[in-house]
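Below you'll find the structure, written out as structure tokens, and then a few comments.
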Amino acid sequence: MSIEVANVSKRFGDFVALDDVSVSIPSGQLTALLGPSGGGKSTLLRIIAGLEHPDDGRISIEGRDATLLRPQRRNVGFVFQHYAAFKHLSVYRNVAFGLEIRKRPKDEIRERVQHLLALVHLEQFADRLPSQLSGGQRQRMALARALAVEPSVLLLDEPFGALDAKVRKELREWLRRLHDEVHVTTVFVTHDQEEALEVADEIVVINEGRVEQIGSPDQLYDAPANDFVMRFLGPVTQLGSRLVRPHDLELRAGEPYGAMPATVQRIVRVGFEVRVEAVTAAGQTVLATLSRTQFQALGIGVGVGSPVSLRLVDGAPSVDTGEDPAAEAVLVGT
Amino acid sequence: MADRVRPARSRRPRPGPITYALRIVVSAYLILLVAWPVSLVARNTFADGFGSVRELLADPDTVHAFRLTITVAIIAVVINTIFGVGMSLLLVRFEFPGKRLLSALLDLPLSVSPIVAGLALTLVYGGRTGWFGPTLEDLGLRVVFAPPGIVAATVFVALPLVIREVVPVLEELGTDQELAAHSLGAGSVQTFRRITLPAIRWAVVYGVVLSLARSLGEFGAVKVVSGNVLGETRTATLVVEEKDLNFDKPGAYAAAFLLASVSVACIVVVSIIRPKEQAR
């Protein structure tokens, strides 16, 4: 295990940012800390980097106790959401910064910086100032800068949070490929479940200062530990007392045996997907999403007011909420 | 932003009569209060050529006074710069009890009349009756009626100028760059020298220039503290007053002109360099 976080707690005044958190982060992998804003994930990352101090608990990095170590002694690379580019230094000098601090020979610095600039595709921008780069380029520069000192762990705090949707998507694919090349233990914070599912080897779901679940993207998606994890990883709806994913519901016209009968209330078509809201006999509104093809296969007769039946497909994950469906009926599907 | 494009100049409506009236009021105000009086000093100085300036600089006591003023101003500026930058870092980067009180206290020199500052310093460091002065005098350090007192008075009145320039820039800067430098292995001193100082350098330069101008021109506090001994503790501003009181008008104008031109030159030089450096 590369990073061990043991029983870490952190308060800011009355606010509990982390409440007895323990996580083991494996070497050489890309781990996502996923959770809603204010859930404590950034605080945990900053504690690992030494930029915040835990009130309680211990941190060890690569087997070495780092709890009381100052950030400059931890050998971690840190990438900030807003880049934290050194504005008065050129791209080259930004990347060279950590090596210059370590007083490495000039030739070695030049070689390493050029290698890194090539890695992040910024060779031709070496002499520019950060203000002359786009957001995505600045963040790649920040990554190269963090990698320059050959950190034992690379920590990224919402690295793509300040970028627009398209660049964001490009950069996260690029980060995945970069990680496959460089293999440095990487932890990144995100509140975007799609980003975490797409990029990470392992995801730690953090909410209200506690770890909700740790696992691979598949484990989290297929076997969510509780309704929070299930809700956070994508849209959900409730069928009876069970929380399910709308695309895991099978919808048929008529009332076949073994399924829950319902009446179509609303049909919304969004691009390739059709969202059908149906009300069950108990008065519960259930959302089912179908592909356009699946919807057309139902036959032309299905419209508002049509009788249909709903069934959870075999093997699809569901979480028991233990809540009374009739009382919850109004809230579901919104 | 690399893709920042200057927007096409939009066609604005023609300025109305109120705009013109405001422009005239502002211009008249500045001319009557600042430009005209100052230019009169210059005109009177050179009313009969360079004679008065030459005469002024021929008097060894006056030359001494100008030397003293410049020396004192430079020492005061150095002290205020080091102290000011340190104090700004303390105020912006650290939390401690009494911080707001300290911040309010730092504005005191701007709000209190310099002559009060001079009297206060005399009460503390006065050679005979001061609270601390006799002790220092026994140790061989004379403060009041000597150059150290003049420096102290000048430091006092120019104290907040560097701080008030640097603090907003430090706040704007935030801590991300400094934290990034730490995580890359830089210690506090390296981070300050390589990251913080370059980022605040123009605020420091501007604070230094303002302090220098203020220090050169300080009159009230210095008058109380210096003792105004001819050829020893008389500073340039005191020379101006002395010549004015003795009906040596050309001499007073010439000295005043020299004083003002140094300050104006500082501000002009900085305002010429600054925008170029910051343009991106």
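Just give me the residues in the stretch A:239-264 being aliphatic (A, V, I, L, M) and under 19 Å from A:THR321 (Cβ atoms), in sequence order.
A:LEU239, A:LEU243, A:VAL244, A:LEU249, A:MET260, A:ALA262 - these are the residues of the stretch A:239-264 that are aliphatic (A, V, I, L, M) and under 19 Å from A:THR321 (Cβ atoms).
When the test is whether a residue is in contact (Cβ under 8 Å) with a residue 40 or more places away in the chain and either touching a strand residue (DSSP E or B) at 6+ places or on another chain (Cβ under 6 Å) or small (Gly, Ala, Ser) (or both), B:GLY98 does not pass it. Read through the list (1) at positive phi; (2) crowded, with 23+ Cβ neighbours inside 10 Å, then give the number of the only condition that B:PHE247 fails. Among (1) at positive phi; (2) crowded, with 23+ Cβ neighbours inside 10 Å, the lone unmet condition for B:PHE247 is (2). Residues satisfying the criterion are present in the stretch A:4-13 (criterion: of a type outside the set (Phe, Trp, Tyr) and within 13 Å of chain B (Cβ to nearest Cβ)). Restricted to the stretch A:123-142, and to residues there that are within 12 Å of chain B (Cβ to nearest Cβ) and among the hydrophobic types (A, V, I, L, M, F, W, C), the residue that is nearest to the chain's Cα centre (by Cα) is A:ALA142. Screening A:GLU208, A:GLU212, A:GLU195, A:GLU255 for residues that are in contact with a helix residue (DSSP H, G or I) (Cβ under 7 Å, 6 or more places away or on another chain), among the acidic types (Asp, Glu) and surrounded by fewer than 21 Cβ atoms within 10 Å (Cβ to Cβ) leaves exactly one candidate, A:GLU212. For A:ALA297, the criteria (1) more than 18 Å from A:GLN238 (Cα to Cα); (2) in contact with a strand residue (DSSP E or B) (Cβ under 8 Å, 6 or more places away or on another chain) hold in every case but one, which is (2). Checking each residue in the stretch A:21-61 for being out of contact with any Ser or Thr (no Cβ under 8 Å at 6 or more places or on another chain) and among the aliphatic types (A, V, I, L, M) picks out A:VAL23, A:LEU44, A:LEU45, A:ILE47, A:ILE48.
Residue count for the stretch A:91-113 under the criterion of being more than 14 Å from chain B (Cβ to nearest Cβ) and either outside any loop (DSSP other than H, G, I, E, B) or at pLDDT below 90 (or both): the result is 6.
Figure legend. Inter-residue proximity from the stretch A:86-106: first residues touching a residue at least 40 places away in the same chain (Cβ under 8 Å), second residues in a helix (DSSP H, G or I) and of a type in the set (Gly, Ala, Ser), beta-carbon distance below 6 Å, spacing 6+ or different chains. Indicated pairs: A:VAL95/A:ALA144; A:VAL95/A:ALA148; A:GLY98/A:ALA148; A:LEU99/A:ALA148. Looking only at residues of the stretch B:77-108 that are part of a loop (DSSP other than H, G, I, E, B) and touching a helix residue (DSSP H, G or I) at 6+ places or on another chain (Cβ under 9 Å), we find that the one that is modelled with the lowest pLDDT is B:ASP107. Residues of the stretch A:219-257 that are over 23 Å from A:SER291 (Cα atoms) and in contact with a strand residue (DSSP E or B) (Cβ under 7 Å, 6 or more places away or on another chain): A:LEU220, A:PRO224, A:ALA225, A:ASN226, A:ASP227, A:PHE228, A:VAL229, A:SER241. Checked against (1) buried (at least 17 other Cβ atoms within 10 Å of the Cβ); (2) in contact with a Ser or Thr (Cβ under 9 Å, 6 or more places away or on another chain); (3) away from every other protein chain (no Cβ under 13 Å), A:VAL120 passes all but condition (2). Of the residues making up the stretch A:139-169, those that are open to solvent by 30 Å² or more (accessible area, probe 1.4 Å) and within 23 Å of A:ARG93 (Cβ to Cβ) number 3.
Scanning the stretch B:118-132 for residues that are farther than 23 Å from B:PHE83 by Cα and open to solvent by less than 30 Å² (accessible area, probe 1.4 Å) yields B:GLY126, B:GLY127, B:GLY130.
Quickly run through the stretch A:274-317 and pick out the residues that are among the charged types (D, E, K, R) and not in a strand (DSSP E or B). Write out each step before concluding.
Taking the stretch A:274-317 first, the residues among the charged types (D, E, K, R) are A:275, A:277, A:292, A:311, A:314.
The answer is A:ARG292, A:ASP314.
The values are calculated or read from the model by the stated rules, or taken from the named source; none is laboratory data. Quick caveat: nothing in here was measured; it's all calculated off a predicted structure. When we count neighbours, we look across all protein chains shown, and the Cβ atoms used for this are built from the backbone with ideal geometry, even at glycine. Just the protein is used for accessible areas: all its heavy atoms, side chains included, with ligands, DNA and RNA removed. Shrake-Rupley method; radii C 1.70, N 1.55, O 1.52, S 1.80 Å.
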